[in-house]
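Worksheet for the structure shown next.
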Amino acid sequence: MTTKTYRFSIYRYNPECDVEPYMQDFSFEAPSTDMMLLDAIEHIKVQDETLTFRRSCREGVCGSDGMNINGKNGLACMTHVSGLKQPIVIRPLPGFPVVRDLVVDMTQFYKQYESIQPYLLNDTIAPAVERLQSPKDRAKLDGLYECILCACCSSSCPSFWWNPDKFVGPAGLLWAYRFLADSRDNATQARLGALDDPYSVFRCRSIMNCVQVCPKSLNPTKAIGKIRSMLLKEAV
Amino acid sequence: MAINTYEFDAIIVGGGGAGMRASLQLANSGLKTAVISKVFPTRSHTVCAQGGITVALGNMHPDDWRFHMYDTVKGSDYIGDQDCIEYMCQQAPAAVYELEHMGLPFSRTASGHIYQRPFGGQSVNFGGDQAARTAAAADRTGHALLHTLYQKNLQAKTHFFTEWYALDLIKSTEGGIAGLMAMCIETGEIAHFKSRATILATGGAGRIYESTTNAFINTGDGVGMVIRAGFPVQDMEMWQFHPTGIAGVGVLVTEGCRGEGGYLVNKNGERFMERYAPHVKDLACRDVVARSIAIEIREGRGVKANGVDAVLLKIDQLGADVINSRLPGIRELAITFAHVDPIKDPIPVVPTCHYMMGGIPTTMHGQALTRINDQDHIIPGLYAVGECACVSVHGANRLGGNSLTDLIVFGRAAGIHVENALKKGDLPQQTVDESQIDQALVRVNRWNNNKDGESFHTIRDELKKIMQSDFGVFRDGQYMQPGLDKLDALYARLQNAKINDHSEVFNTTRIEALELDNLMAVARATALSAITRTETRGAHSREDFPDHDDVNWIKHTLYFGTEGKGSIDFRPVNRQPLTVEPFQPKARVY
């Protein structure tokens, strides 16, 4: 079997021993069959056990291994090494404080997600069976509920970099619209009221980095546009 | 180092479906509830469940929970406890409607009801026609379920200790469990979590095998903790091999593909399940389909894919519309990991370790059990739910779609039981002996201090190879006994193994090493239990004992592990349901 050399340049920072972050080169020989980036990083971690990153499902569903790969955010487990220019440059998700190496502190991201009340609100008494929802109404949730909270979008969004405490960010707003769009939710007015300020939604400048990087092919910009329309309709 | 103590009314270890269903019950009842999870909760393995949750809602045809019960007892190959199976099937509709009310985005029928698809081993009228009983949110049901539960826990103000890793249980002087020790992954801080109720919801351990659908995090932490505390685990020989993992990668391809009309073919294009299960063909139980594939491959009718032998799963005949609406996630996974678009080409698949039917024995309320002098004893203060538990509703073979049912019904049941017991004063505060706290730190200290031994990677790789070659789909005593001997030798080496990262901040290598202790405990429990059961039943298929032995083996195996060797005991299977007539063992023909 033919082998190939794979080369990497990886961001390193351990607060216990490093004064500042640095880039470290790694390389290894492996069969030239296709490999996922996560497998490659796991391989490197056997060489250097101190290399630190998050991972769980390894199939693009859990959202643990978001990172910046050759300048673009993505999931390591869903990225084919063969499609990447070498050396492959890997950095932590931008815009978040770095805990260690590729592990970032996502507190602010989760806070914004929690701020939109990401749960169904319906104050009517639930029936003994399911609430009915037509296939057409259910289809309105497609492209929204699939979000895996990997933060690739919010971490690529300049508006979120500047105002992480005031702008909800693409992921949080995608979830906000997922509940606004749900025919079973009846808290629309309260939800819109909570978003009706100059920052929460309107800091989106339609740069669309979020759409470009989403590993699930979701479209937060479109969801934000729908929320804007709902807010403007309210204001009339 | 000073050790902080955190005190809660109830502590749940694990933020998957079972743990968060239990925590939601408790937090909503006003109890001070904490979830300790080694990953952010929505990264738990429940997120990977695809096809759905099996429940007799009757949305596609008239249905009855008793039919669901019959199928589950038969699927379990008659070593599931019939009282617990009755409870699960009877409670499931209410538990699923609750999920819908919470906001879970189920797919819908034209009339607006929850959509249900056919899955393997399902029938109406006690073995009659194929049923469609698995409620689905496209092929992302686990994702939808896990996010919904996390969201409702946020609303209920459950306290999450995210990225904290459970080390060991704290035994009380009364012989029960008074909480546990856990480590903050981000800082290395170790704390004592004190509680009158500790609920283990730590999931499976499929990472003992080389080829698995399981996430990296499925390392049997709860099972390891219970074994080290001197309590038993049950039916650990029973591992489900899912018929359709993507060849060479292991990523799961849902049974829902076959439920929607997909089927398996061999290298000759033959739809071979017609030979093995003439009645239901590709929708036979998972143990049956996995064995059939293994035989096809062994007899030379497989195809080569990704460097391994496989068969092909064909779904192109369903058409692009059905695939895009009902199986969109599968299409994405197949394109990414198998380089085939299933709208045009078949997916190469192979039986892959998927689910641990065994686990911590419990009552139907989730109370963990031990066995003393042939009697069950409830372990005060300890509960287990979900895949780490063995209630037992899955027996020797779990039906597809029943794992989510198990999580929801028994997560809720344990929550209700703890809530009532705390209110009635039935869960007293137990006394903690300080030496127990030191004991729980022995493992961390070992990994911190070993600096000269061999690499833990070597041991982990060898463990997986042994399990894969000697304890797979087909088993034989002549290979299993040497396999166990190798595991015992490996266990001894593990005590002197080392890691090369000794920092405190986010040291994932140390976590992996601590997880390896648990994988080792699970592997040894599996090996000894598998050697002990000298018959073929469900997923446990022995070439040296190819027949069922209903006279001697309708019983649970119990494994106790100690530092040196494990030992085996047995528990009777409860064949007496709560209200209906018992289902008697008979040959499982599909």
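The values are calculated or read from the model by the stated rules, or taken from the named source; none is laboratory data. Keep in mind that what you see is a predicted model, and the values were worked out from it rather than measured. A quick note on method: Cβ atoms are made from the backbone with ideal geometry, for glycine too, and the neighbour counts reach across all protein chains shown.
Can B:Asn306 be described as over 29 Å from the mean Cα position of the chain (by Cα) and touching a residue at least 24 places away in the same chain (Cβ under 8 Å)? No. Tell me which residues, restricted to the range B:422-461, are in a helix (DSSP H, G or I) and at pLDDT below 90. If the condition is that a residue be in a helix (DSSP H, G or I) and at pLDDT below 90, then B:Glu434, B:Ser435, B:Gln436, B:Ile437, B:Asp438, B:Gln439, B:Ala440 are the ones that fit.
Looking only at the range A:85-103, residues that are surrounded by fewer than 22 Cβ atoms within 10 Å (Cβ to Cβ) and within 12 Å of another protein chain (Cβ to nearest Cβ) come to 2 in all.
Output the strands (runs of 3 or more DSSP E) that fall wholly within the range B:109-210 and possess 3 or more residues being touching a Phe, Trp or Tyr at 6+ places or on another chain (Cβ under 7 Å) and away from every other protein chain (no Cβ under 12 Å), or say none.
B:177-184, B:190-200
Restricting to the range B:273-291, name every residue that is free of Cβ contacts under 8 Å to residues at least 40 places away in the same chain and exposed (fewer than 14 other Cβ atoms within 10 Å of the Cβ). Those that are free of Cβ contacts under 8 Å to residues at least 40 places away in the same chain and exposed (fewer than 14 other Cβ atoms within 10 Å of the Cβ): B:Glu274, B:Arg275, B:Pro278. In the range B:517-530, the condition of being modelled with pLDDT of 95 or more and not in a helix (DSSP H, G or I) is met by no residue. The criterion of being out of contact with any Cys (no Cβ under 9 Å at 6 or more places or on another chain), more than 27 Å from B:Cys257 (Cβ to Cβ) and without any contact (Cβ under 8 Å) to a residue 12 or more places away in the chain does not hold for B:Gly58. Evaluating B:His502 against the criteria (1) of a type outside the set (D, E, K, R); (2) out of contact with any Lys or Arg (no Cβ under 6 Å at 6 or more places or on another chain); (3) over 21 Å from A:Thr52 (Cα atoms); (4) within 14 Å of chain A (Cβ to nearest Cβ) leaves one unmet condition, (3).
The helices (runs of 4 or more DSSP H) found wholly in the range A:133-194 and carrying at least 2 residues that are away from chain B (no Cβ under 11 Å) occupy A:158-162, A:169-180. Evaluation of B:Ala334 against the conditions (1) surrounded by fewer than 18 Cβ atoms within 10 Å (Cβ to Cβ); (2) touching a strand residue (DSSP E or B) at 6+ places or on another chain (Cβ under 7 Å); (3) part of a helix (DSSP H, G or I) shows that the sole unmet condition is (1).
Restricting the range A:104-132 to residues that are in contact (Cβ under 8 Å) with a residue 24 or more places away in the chain and facing chain B (nearest Cβ under 7 Å) leaves a set whose member that is farthest from A:Pro15 (Cα to Cα) is A:Arg131.
Do you know which of the residues in the range A:112-147 that are among the acidic types (Asp, Glu) and out of contact with any strand residue (DSSP E or B) (no Cβ under 7 Å at 6 or more places or on another chain) is surrounded by the fewest Cβ atoms within 10 Å (Cβ to Cβ)?
Going through the range A:112-147, the residues among the acidic types (Asp, Glu) turn out to be A:114, A:123, A:130, A:137, A:142, A:146.
Those left that are additionally out of contact with any strand residue (DSSP E or B) (no Cβ under 7 Å at 6 or more places or on another chain): A:114, A:123, A:137, A:142, A:146.
Numbers: A:Glu114: 15, A:Asp123: 6, A:Asp137: 15, A:Asp142: 15, A:Glu146: 23.
Among them, the one singled out is A:Asp123.
Looking only at residues of the range A:16-37 that are at the interface with chain B (Cβ under 10 Å from one of its Cβ atoms) and in contact (Cβ under 8 Å) with a residue 40 or more places away in the chain, we find that the one that is farthest from B:Ala513 (Cα to Cα) is A:Asp34.
Answer with yes or no whether B:Ala95 is facing chain A (nearest Cβ under 8 Å), closer than 30 Å to B:Asn518 by Cβ and not in a loop (DSSP other than H, G, I, E, B). In short, no. Here B:Ala294 fulfils each of the conditions (1) without any contact (Cβ under 8 Å) to a residue 40 or more places away in the chain; (2) over 22 Å from A:Asp34 (Cα atoms); (3) touching a Pro at 6+ places or on another chain (Cβ under 7 Å) apart from (1). A:Gly63 satisfies every condition listed in (1) in contact (Cβ under 8 Å) with a residue 40 or more places away in the chain; (2) surrounded by fewer than 20 Cβ atoms within 10 Å (Cβ to Cβ); (3) within 12 Å of another protein chain (Cβ to nearest Cβ) except (2). Per the listing B:Gly80, B:Gly15, B:Gly52, the residue uniquely out of contact with any strand residue (DSSP E or B) (no Cβ under 6 Å at 6 or more places or on another chain), modelled with pLDDT of 95 or more and of a type in the set (Gly, Ala, Ser) is B:Gly80.
On inspection, B:His365 qualifies as farther than 21 Å from B:Ile170 by Cβ and assigned to a loop (DSSP other than H, G, I, E, B). Taking the conditions (1) of a type in the set (A, V, I, L, M, F, W, C); (2) touching a helix residue (DSSP H, G or I) at 6+ places or on another chain (Cβ under 7 Å); (3) within 19 Å of B:Gly103 (Cβ to Cβ); (4) not in a helix (DSSP H, G or I) in turn, A:Cys204 satisfies each one other than (3).
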